[in-house]
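The structure is given below, and queries will be raised subsequently.
The values are calculated or read from the model by the stated rules, or taken from the named source; none is laboratory data. Every value quoted in this text rests on a predicted model; they were computed, and no experiment measured them. Glycine also receives a Cβ, built like all others from the backbone with ideal geometry; neighbour counts cover every protein chain displayed.
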Amino acid sequence: MGKKKLTNLERHIVICPHCGGKALDHMTECPACKGALKPLGYHGEMDPRIRKRIRMTLWIVFGIIAAAVAIFAFLK
Ligand SMILES: [Zn+2]
């Protein structure tokens, strides 16, 4: 039981590239040396290809909605 809990916590521990100390994966700076860390759970930097695909999908959805509204208005 306790072992499983420890493993779950260890999954969120990252080794600081500056001092080799332990930090948690959501941290943006090392608590030991204040060095900058790249948080794993942070998705601010999205893959540009995925971002382009999402934008394309949004435009397609927007186009379908616009077409549906136009057809609905025409039928009325
Ligand atoms: Zn550090």
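Which condition from (1) in the same structural domain as E10 (by TED's automatic domain parsing); (2) at pLDDT below 90 is the one that I50 breaks?
Status for I50: all satisfied but (1).
Can you work out which of the residues in region 12-45 that are surrounded by 10 or more Cβ atoms within 10 Å (Cβ to Cβ) and more than 13 Å from the ligand (Cβ to nearest atom) is modelled with the lowest pLDDT?
Y42
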